[in-house]
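Coordinate-derived values only; no laboratory data. Since this is a predicted model, take the numbers as computed values, not measurements. So basically every Cβ, Gly included, is an ideal-geometry build from the backbone, and we count neighbours across all protein chains shown.
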Amino acid sequence: MAKTVILHIVGEDPIVADLDQEPQPTDAYIKVSNLRKRDGKDVAYLTAGVQSVIYPWHRITFLEIMVSEEERGSVIDFFRS
């Protein structure tokens, strides 16, 4: 099952994508699909109809792996009252 991630790419705004499997320490790149901006709009520098993109690790600052809906029940969210 694909996990939703937020990619923080050097010199770009963060983008949301789907990741089929978590990257391994030996991987030289990361392959993601269904790229979109955080507000759901299309990413401007991608051609229409792109299915997936491969980014080399040296272009990625960090990667946020979001929790799936079934895992959400076991995660404690912090909030203010």
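The table below lists the values:
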| item | result |
| --- | --- |
| Within the stretch 11-29, considering residues that are of a type outside the set (D, E, K, R) and under 10 Å from the mean Cα position of the chain (by Cα), the one surrounded by the most Cβ atoms within 10 Å (Cβ to Cβ) | Ala17 |
| Enumeration of residues in the stretch 8-67 that are in contact (Cβ under 8 Å) with a residue 24 or more places away in the chain, acidic (Asp, Glu), touching a strand residue (DSSP E or B) at 6+ places or on another chain (Cβ under 8 Å) and in a loop (DSSP other than H, G, I, E, B) | Asp13, Glu22 |
